[in-house]
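The values are calculated or read from the model by the stated rules, or taken from the named source; none is laboratory data. Just so it is clear, the model here is predicted, and its values are computed rather than measured. Cβ sites come from the backbone with ideal geometry, for glycine too, and all protein chains shown count toward neighbours.
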Amino acid sequence: MVAQQDKTGAIFDIKKFAIHDGPGIRTTVFLTGCPMDCWWCHNPEGRGEAPTDPTAKTRRVTVAHVMEEIEKDRVFYDQSGGGATFSGGEPMAQPEFLVALLKECRRRQIATAVDTCGYAPPGDFDKVADLVDLFLYDLKIMDDERHRTYTGVSNGPVLENLKLLARSGRRIQLRIPLIPGITDTEDNLESILSFLDDLPAVRRVSLLPYNRFGEDKRKRYKLPVRLERVRNQSETEIEAAAERFKSHGFDVKIGG
Ligand code: SF4
């Protein structure tokens, strides 16, 4: 059996001093691979692991290597209430590697967050749930057909896993990307709110305004650009979305 420290996984980046990926100062580790294919994805380089994939910039690393990087900034986590965040891509796409990383963090008393799109087998969430201090959980589109169109997969597992985590008392911060005309419509935001009415334990939400960063990146990688004519939201539109959530008792943050 491979020792926990020697387990390997694919990552495409490690970001130091991250301040938008959970509380305090954090080190964010980006794991490669994602089951979704969102039209607005900012990290197309993190979606493919195959070396033939033009978006791949991935490298295989051991748990020990990642922990060495995380440990370097321990003093800042202690001072700021930060820790390590596992993001992607989709960290749940490599469940064994993620579990090994989370166990190491727990053993070393480093707080953890997992930034997830929620699309994974429920059994995998069971494996990680006890090891995670905070879930940064993305919610995108409530209408299943539209979810399939814009992300490539059904939202069924996303909604079911969110219910399971919320009802078992996990700490969750929702993240809703505001994509003009796609996720930020009145219909969609109202559907999200009515879904969350049944989950009163989830009352923290980050609204992530759209920016063209993803499209510029896709052009650089010579990938098809799918949101060519989308404009950024105005301050007023972002504020209106925030007010909508505040009026339902949510603690709202704009941005990560
Ligand atoms: S879930 Fe996140 S990483 Fe995956 S395709 Fe969508 S935006 Fe990109």
Over the stretch 20-50, the set of residues within 11 Å of the ligand (Cβ to nearest atom), assigned to a strand (DSSP E or B) and touching a residue at least 60 places away in the same chain (Cβ under 8 Å) is 31
What about residue 113, is it within 18 Å of the chain's Cα centre (by Cα), closer than 21 Å to residue 92 by Cβ, in a strand (DSSP E or B) and away from the ligand (no atom under 13 Å from the Cβ)?
yes
Does any residue of the stretch 122-135 turn out to be in contact (Cβ under 8 Å) with a residue 24 or more places away in the chain and at positive phi?
no
Test: residue 102 is within 16 Å of the ligand (Cβ to nearest atom), assigned to a helix (DSSP H, G or I), crowded, with 17+ Cβ neighbours inside 10 Å and at pLDDT 95 or above
no
Answer residue from the stretch 69-94, given it is in a strand (DSSP E or B) and at pLDDT 95 or above and is farthest from the chain's Cα centre (by Cα) among those
83
Could you tell me which numbered condition residue 112 fails, if it satisfies all but one of (1) farther than 19 Å from residue 136 by Cβ; (2) without any contact (Cβ under 8 Å) to a residue 40 or more places away in the chain; (3) buried (at least 21 other Cβ atoms within 10 Å of the Cβ)?
(1)
Mind checking which pairs have a first residue in the stretch 69-98 that is more than 16 Å from the ligand (Cβ to nearest atom) and a second that is among the aromatic types (Phe, Trp, Tyr), Cβ under 7 Å, 6 or more apart or different chains?
82/76; 83/77
Which of (1) within 16 Å of the ligand (Cβ to nearest atom); (2) at positive phi is the odd one out, the single condition residue 179 does not satisfy?
(2)
